[in-house]
Structures are given as structure tokens and as C-alpha cells.
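The values are calculated or read from the model by the stated rules, or taken from the named source; none is laboratory data. The structure presented is a predicted model; accordingly, all values stated were derived computationally and were not measured. Counting neighbours? That spans all protein chains shown, and the Cβs are built from the backbone with ideal geometry, glycine included. These area figures cover heavy atoms from the full protein model, side chains too; ligands, DNA and RNA do not enter into them. Shrake-Rupley method; radii C 1.70, N 1.55, O 1.52, S 1.80 Å.
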Amino acid sequence: MDHTALVNLFQAVEFGMIDDGTAIGLGLANCVNRMKDSKTKSKVIILLTDGSNNAGDIDPQTAAEIAKTFGIRVYAVGVGSYGQARVPVQTPMGMQYMMMDSQFDETTLKNIANTTGGAYFRATDNNSLKNIYEQIDQLEKTKLRVREYSKRIENFMPYLLAALMLLIAEILVRYFGLRTISN
């Protein structure tokens with residue numbers, strides 16, 4: 001519900017922070033772990049992925065069963081394409097786009113949604129994704145309190161040190177470097 005916090009979190013994400021791969025089961029299990037003790041009457045996870053589980057130690061279906069146990073519904077949103085897709089890849093020459101095989105897996109996403117009592121949606125572009133979120137918003141309404149976290153980095157120290165060095169240099173030049181001898 002806190003869109004500003006979500007935007008801040010997305011801005012902090014850097015491409016290449018973690019190894020390539022998608023651990024759907026592990027991601028779902030982490031979400032369930034955070035939500036399991038919530039007292040809200042509606043517990044929902046929105047899973048936005050291509051459905052290809054190629055990393056992690058937990059199977060997506062096992063994670064879906066765990067979610068079901070705690071009464072958490074998963075709305076799975078499938079994004080991706082069949083065949084080949086342009087993917088950003090970090091190279092020595094910078095970020096490049098390469099054509100790679102897409103492993104879009106609708107079956108896994110449908111199974112997760114069905115197991116948890118949620119629903120599966122297919123997003124093909126930004127407008128369809130917006131419509132999907134609006135549909136989910138109509139299905140699920142719960143008030144909640146959000147704790148906002150932000151990561152701040154102070155960058156003033158190098159500038160402060162440079163200013164102090166210039167001030168000391170100015171004082172030294174004024175009193176010792178530009179002294180004139182008067183008669």
C-alpha cells in the first residue's frame with residue numbers, strides 16, 4: 001500500500017547484485033515466513049515472474065503448500081515470452097542486450113495460484129499489468145500499518161575535508177606566502 005516505499009526499494013536495486021537465476025520457491029517461502037503471524041483477515045502474495053524456477057533449494061509447489069497451510073493466497077502474474085527475448089547482460093563493454101532463450105513457465109504459476117486459492121494472470125504489456133493490479137486490488141482490501149525503512153548514505157565528508165584544506169591553504173598563503181617586506 002505504501003507506493004513511495006516500494007519506489008525507494010526499486011531505486012536501490014542494482015542490476016547484477018546477485019547471481020542470475022530465479023528462486024520462486026525460496027521467494028515464496030520467505031514471504032510466507034514474514035506474513036504467517038499477521039493478524040489480518042486477508043493474506044496475499046503477488047508473484048510477478050516468468051515462472052522459471054532455476055535457483056534456490058525450495059520447490060515452488062512446496063512453497064505454495066506452505067502458503068496454503070498459513071491461509072495465504074498467491075496471485076501469480078506471468079510475464080515473459082515464449083522463444084527468445086532481449087535480456088540485459090553485463091559485459092566488459094558495459095550493459096549490452098542479447099537475445100536469449102526465454103523459459104516462460106505458465107504451468108508452475110497456475111499450479112501455485114490454484115494450490116493457494118489465488119488466481120493466475122498473464123501480463124503481456126504495461127497496460128495489461130496495470131489492469132491486473134486493479135483486478136487484484138478489487139479482490140483484496142485490508143488496512144495495514146507499514147513501517148518505512150530507508151537507506152541513507154552521507155556523502156558530505158569528502159567535500160567538508162576539501163573545504164577545510166582550502167581554508168587552511170588560504171590562511172597559510174595569506175600570512176606566510178604573500179608577505180611583503182616594508183621599509
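Residues of segment 121-160 that are in contact with a helix residue (DSSP H, G or I) (Cβ under 8 Å, 6 or more places away or on another chain) and either over 19 Å from Val74 (Cβ atoms) or of a type in the set (Ser, Thr, Tyr) (or both): Val146, Glu148, Tyr149, Ser150, Lys151.
Looking at segment 89-98, which of its residues are part of a strand (DSSP E or B), exposed (fewer than 11 other Cβ atoms within 10 Å of the Cβ) and without any contact (Cβ under 8 Å) to a residue 24 or more places away in the chain? Within segment 89-98, Thr91, Gly94, Tyr97 qualify.
In the set Asp101, Asp137, only one residue is farther than 29 Å from Ser38 by Cα, without any contact (Cβ under 8 Å) to a residue 24 or more places away in the chain and among the acidic types (Asp, Glu); that residue is Asp101.
Those residues that are part of a helix (DSSP H, G or I), within 22 Å of the chain's Cα centre (by Cα), surrounded by fewer than 17 Cβ atoms within 10 Å (Cβ to Cβ) and not aromatic (Phe, Trp, Tyr), I need them from segment 102-134; list them, please. Residues satisfying the conditions are Glu106, Asn126, Asn127, Ser128, Leu129, Lys130, Asn131, Glu134. Listed by first and then second residue, the pairs linking a residue in segment 67-88 that is without any contact (Cβ under 8 Å) to a residue 24 or more places away in the chain and closer than 23 Å to Asn127 by Cβ to a residue that is open to solvent by 40 Å² or more (accessible area, probe 1.4 Å) and among the hydroxyl-bearing types (Ser, Thr, Tyr), with Cβ atoms under 9 Å apart and 6 or more places separating them unless they lie on different chains, are Ser81/Thr124; Arg86/Tyr97; Val87/Tyr97. Each residue in segment 9-28 was checked for being within 16 Å of the chain's Cα centre (by Cα), at pLDDT 80 or above and part of a helix (DSSP H, G or I), and 4 pass. Determine whether segment 157-166 contains at least one residue that is under 30 Å from Ser42 (Cα atoms) and either open to solvent by less than 40 Å² (accessible area, probe 1.4 Å) or more than 22 Å from the chain's Cα centre (by Cα) (or both). No, the conditions are met nowhere in segment 157-166.
The criterion of being assigned to a loop (DSSP other than H, G, I, E, B) and either open to solvent by less than 80 Å² (accessible area, probe 1.4 Å) or touching a strand residue (DSSP E or B) at 6+ places or on another chain (Cβ under 9 Å) (or both) does not hold for Ala64.
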